[in-house]
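**Student:** Can you keep this structure in mind? I'll have questions shortly.
The values are calculated or read from the model by the stated rules, or taken from the named source; none is laboratory data. What you see is a predicted model, and the numbers here were worked out from it, not measured in a lab. With ideal geometry, Cβ positions are generated from the backbone for all residues, glycine too; neighbour counts draw on all protein chains shown.
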Amino acid sequence: MQDAVTIAATPNAGRGAERLRAIWRNAFPFIVLGVAWEIAAWSGIFHHRLFPPLEEIAQTFVRLTLDGILPHHAFDTLLRLIAAFTLAAVAGVTIGVLMGRSRRMEDLLLPLVSILAPIPGLAYAPLFLLWFGLGNVSALLLVAVVSSFPVIFNSWTGVKAVKEIWLRSAQSMGADDQRLFRHVILPGALPYMLTGLRLGLAQAWRILVAVEMLASVTWGLGWLTFGAREFLNTDVMLAGIATIGMIGLALEKLVFEKIENYTVVRWGMVAE
Amino acid sequence: MSTITAETGIAAKPAPGVWRVRLRSWRRAATSILLAAAVYEALARAGIFAPALLPTIPTILKKLYAMLADGTMVWHASYTLYRVLFGFGLAMVVGIPLGILMARFKRVEDFFLPLVSALMPIPSFSLLPLFLLWFGIGNMTTILIVFYASTFPILFNTWSGVRSVNPLWLRAAGAMGADEHKLFWKVIIPGASPFIITGMRQGFLRSWIAVIGAEMIAASAWGLGWVIFDAKEFLSTDVMLASIIVIGFIGFVFERLVFGVLERKTVQRWGMVRAAKG
């Protein structure tokens with residue numbers, strides 16, 4: 001797959017001209033978009049406060065970053081993402097493995113999981129807010145619950161996909177339960193689990209911003225952009241959106257693609 | 001399925017096991033759901049939590065019935081469906097042709113791919129405050145959020161689907177004298193269909209999430225997301241849970257019936273299932 005960042009990152013046998021062309025090719029659409037934005041902003045069709053020119057947004061971005069406000073918001077959002085995702089990963093893998101290993105657990109949990117998983121997690125948001133109050137607890141729990149479903153499903157599938165013959169041969173060679181789990185089941189199910197974790201993290205990231213808006217946490221990028229609306233600070237809002245986009249891109253490049261490459265390289269194609 | 005022979009009226013030897021297995025899994029599912037319901041009901045009746053926060057199942061069902069009977073729930077659902085289908089339709093109208101163009105023409109790809117990869121990681125909800133400022137509370141904002149949420153999966157999958165059409169088929173069809181038009185409708189579209197439908201599925205899933213979230217923040221009087229959020233003010237957890245049931249039901253219908261049928265009508269008829277997995 002090709003996209004902006006990988007193209008820019010491959011130096012193409014060190015030929016400078018080639019690289020410059022690639023950079024130009026990737027920058028060109030953004031320049032066109034930027035120019036269009038500037039024209040729209042300066043033409044006066046829209047109110048200046050609602051449609052600030054790029055340099056103003058950049059200025060705000062720099063100012064907020066130097067003040068430490070933007071980093072603080074970003075840090076809190078990331079912390080929330082990591083905390084919620086850790087919760088989801090631990091619970092999801094545990095439940096998924098239990099379902100994969102024990103027939104009874106599977107019978108008990110699978111119907112519930114299949115009913116609850118397709119309901120958009122945000123629909124639970126007001127309910128969680130009532131149960132756990134405004135703030136961090138609701139936000140964390142909600143994001144954790146929503147992102148645990150892909151983890152559960154994939155861990156379950158992964159454990160089920162471990163070949164019966166591997167289990168039996170390991171058992172006949174005298175592996176006890178613990179060994180069986182560590183050396184056969186876990187490695188066998190790992191590519192699926194990683195896929196589930198990747199999907200879960202992506203989902204957590206997508207709804208976290210909305211949850212922050214609804215749960216009125218004190219710091220967080222979602223709250224920053226939402227709060228800026230009250231004061232018509234469109235520049236602050238756009239600076240917040242830019243930061244959200246950058247974090248998203250970083251997650252995509254540094255986490256998701258790494259995991260994907262790792263699983264594909266290590267185990268061949270994930271899907272059979 | 002077991003067939004009943006016309007003459008005897010006796011079930012022909014039951015297609016071995018199928019029914020029994022299906023019955024067993026139904027029974028198990030029912031047991032598990034009943035068990036969960038019983039636990040919930042016990043918790044709700046135990047009085048540990050305020051009944052307003054944890055209503056009993058009969059209360060929820062009564063509320064659901066009442067809202068269905070007086071038509072409010074139907075209105076909420078129709079508003080939500082209108083927004084989601086409008087936004088999703090718009091996303092298809094933009095996403096599928098653009099994806100095809102990107103895959104067929106290098107120049108289009110060069111222009112749009114960097115933009116797409118920069119915009120895709122921005123969660124749609126982060127644009128919500130901005131759209132609220134620009135377009136105000138109401139349908140426009142919600143529809144645009146749905147559009148933003150579902151365009152990228154559709155676009156991206158269409159693009160990779162058309163790119164992955166076996167070049168051998170294209171050459172074979174060309175050699176047999178297919179013109180551009182035929183090539184497009186008879187080879188490229190069926191070949192890319194598994195990807196396009198996957199993209200539509202993902203896109204719909206995301207629009208369904210997006211519409212609920214956007215309605216909570218940006219709708220004024222109608223919509224399933226709005227009614228849930230509004231119910232918080234009055235501590236009407238029964239209304240919330242009744243709406244969640246409806247949301248889950250509609251999502252299920254779309255996923256299973258609409259996309260299931262669509263898949264059968266296109267992908268399977270064109271015999272593309274294996275190619276999708278390969």
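**Student:** Can you spot a residue in the range B:205-216 that is acidic (Asp, Glu), over 22 Å from residue B:120 (Cβ atoms) and surrounded by fewer than 16 Cβ atoms within 10 Å (Cβ to Cβ)?
**Tutor:** Just the residues of the range B:205-216 that are acidic (Asp, Glu), to begin with: B:215.
Filter once more, so that each one left must be over 22 Å from residue B:120 (Cβ atoms): B:215.
Among the residues that remain, those that are also surrounded by fewer than 16 Cβ atoms within 10 Å (Cβ to Cβ) are: none.
No: the range B:205-216 contains no residue that is acidic (Asp, Glu), over 22 Å from residue B:120 (Cβ atoms) and surrounded by fewer than 16 Cβ atoms within 10 Å (Cβ to Cβ).
**Student:** Checking the condition at pLDDT 90 or above, assigned by TED's automatic domain parsing to the domain that holds residue B:191 and not hydroxyl-bearing (Ser, Thr, Tyr), which residue from B:144, B:119, B:133, B:168 passes?
**Tutor:** On the way: B:119 fails: at pLDDT 90 or above; B:133 fails: at pLDDT 90 or above; B:168 fails: at pLDDT 90 or above.
Checking each option against the conditions leaves just B:144.
**Student:** Are any residues in the range A:43-64 part of a helix (DSSP H, G or I) and either surrounded by 13 or more Cβ atoms within 10 Å (Cβ to Cβ) or within 14 Å of chain B (Cβ to nearest Cβ) (or both), and if so, which ones?
**Tutor:** Applying the first criterion (part of a helix (DSSP H, G or I)) to the range A:43-64 yields A:43, A:54-64.
Selection gives A:54, A:56, A:57, A:58, A:59, A:60, A:61, A:63, A:64.
**Student:** For the range B:229-248, which residues satisfy the criterion of being within 16 Å of residue B:57 (Cβ to Cβ) and more than 7 Å from chain A (Cβ to nearest Cβ)?
**Tutor:** Narrowing the range B:229-248 to residues within 16 Å of residue B:57 (Cβ to Cβ): B:236-246, B:248.
Matches in the range B:229-248: B:236, B:238, B:239, B:241, B:242, B:243, B:245, B:246.
**Student:** Restricting the search to the range A:149-180, which residues are without any contact (Cβ under 8 Å) to a residue 12 or more places away in the chain and not acidic (Asp, Glu)? Break it down into steps so the answer makes sense when it comes.
**Tutor:** We begin by selecting, within the range A:149-180, every residue without any contact (Cβ under 8 Å) to a residue 12 or more places away in the chain; these are A:164-165, A:168-169, A:171-179.
Listed by number, the residues that qualify are A:165, A:168, A:169, A:171, A:172, A:173, A:174, A:175, A:178, A:179.
**Student:** (1) buried (at least 17 other Cβ atoms within 10 Å of the Cβ); (2) within 14 Å of chain B (Cβ to nearest Cβ); (3) in a helix (DSSP H, G or I): which one isn't true of residue A:104, the others all being true?
**Tutor:** For residue A:104, the failing item is (1).
**Student:** I would also like to ask the following. Consider residue A:40 carefully, then state whether it is of a type outside the set (Ser, Thr, Tyr) and either under 30 Å from residue A:192 (Cα atoms) or not in a helix (DSSP H, G or I) (or both).
**Tutor:** Numbers: of a type outside the set (Ser, Thr, Tyr): yes; either under 30 Å from residue A:192 (Cα atoms) or not in a helix (DSSP H, G or I) (or both): no.
Against the criterion (of a type outside the set (Ser, Thr, Tyr) and either under 30 Å from residue A:192 (Cα atoms) or not in a helix (DSSP H, G or I) (or both)), residue A:40 does not qualify.
**Student:** In the range B:97-111, is there at least one residue being at the interface with another protein chain (Cβ under 8 Å from one of its Cβ atoms) and surrounded by fewer than 23 Cβ atoms within 10 Å (Cβ to Cβ)?
**Tutor:** Within the range B:97-111, the first condition is being at the interface with another protein chain (Cβ under 8 Å from one of its Cβ atoms), and the residues that meet it are B:110-111.
Filter again for surrounded by fewer than 23 Cβ atoms within 10 Å (Cβ to Cβ), leaving B:110-111.
Yes, there is a match, as at least one residue in the range B:97-111 is at the interface with another protein chain (Cβ under 8 Å from one of its Cβ atoms) and surrounded by fewer than 23 Cβ atoms within 10 Å (Cβ to Cβ).
**Student:** Let me ask something else about it. Just to be sure I understand the filter: pairs with C-beta atoms under 9 Å, separated by 6 or more residues or on different chains, first member in the range A:131-148 and small (Gly, Ala, Ser), second member in a loop (DSSP other than H, G, I, E, B) and crowded, with 24+ Cβ neighbours inside 10 Å. Which pairs pass?
**Tutor:** Once the first residue is small (Gly, Ala, Ser) and sits in the range A:131-148, its partners that are in a loop (DSSP other than H, G, I, E, B) and crowded, with 24+ Cβ neighbours inside 10 Å give A:139/A:220.
**Student:** Kindly indicate whether residue B:29 is within 13 Å of another protein chain (Cβ to nearest Cβ), assigned to a helix (DSSP H, G or I) and exposed (fewer than 12 other Cβ atoms within 10 Å of the Cβ). Even if it seems obvious, please write down each step before you answer.
**Tutor:** On the way: within 13 Å of another protein chain (Cβ to nearest Cβ): yes; assigned to a helix (DSSP H, G or I): yes; exposed (fewer than 12 other Cβ atoms within 10 Å of the Cβ): no.
No: the conditions fail for residue B:29.
**Student:** I'd like the residue in the range A:130-149 that is farther than 15 Å from residue A:86 by Cβ and either outside the structural domain of residue A:187 (by TED's automatic domain parsing) or not aliphatic (A, V, I, L, M) (or both) and, out of all such residues, is surrounded by the fewest Cβ atoms within 10 Å (Cβ to Cβ).
**Tutor:** Ranking the candidates gives A:133 first.
**Student:** Does residue B:263 meet the test of being in contact (Cβ under 8 Å) with a residue 24 or more places away in the chain, in contact with a helix residue (DSSP H, G or I) (Cβ under 8 Å, 6 or more places away or on another chain) and within 12 Å of chain A (Cβ to nearest Cβ)? Reasoning before the result, please.
**Tutor:** Working: in contact (Cβ under 8 Å) with a residue 24 or more places away in the chain: yes; in contact with a helix residue (DSSP H, G or I) (Cβ under 8 Å, 6 or more places away or on another chain): yes; within 12 Å of chain A (Cβ to nearest Cβ): no.
No: the conditions fail for residue B:263.
**Student:** Restricting attention to the range A:59-80, which residues are in contact (Cβ under 8 Å) with a residue 12 or more places away in the chain and small (Gly, Ala, Ser)?
**Tutor:** A:74
**Student:** Suppose we filter the range A:197-222 for residues that are more than 7 Å from chain B (Cβ to nearest Cβ), surrounded by 22 or more Cβ atoms within 10 Å (Cβ to Cβ) and farther than 18 Å from residue B:121 by Cα; how many remain?
**Tutor:** Matching residues across the range A:197-222 total 1.
**Student:** Given the conditions (1) within 29 Å of the chain's Cα centre (by Cα); (2) in contact (Cβ under 8 Å) with a residue 60 or more places away in the chain, report the number of the one that residue A:49 does not fulfil.
**Tutor:** (1) is the only condition that residue A:49 fails.
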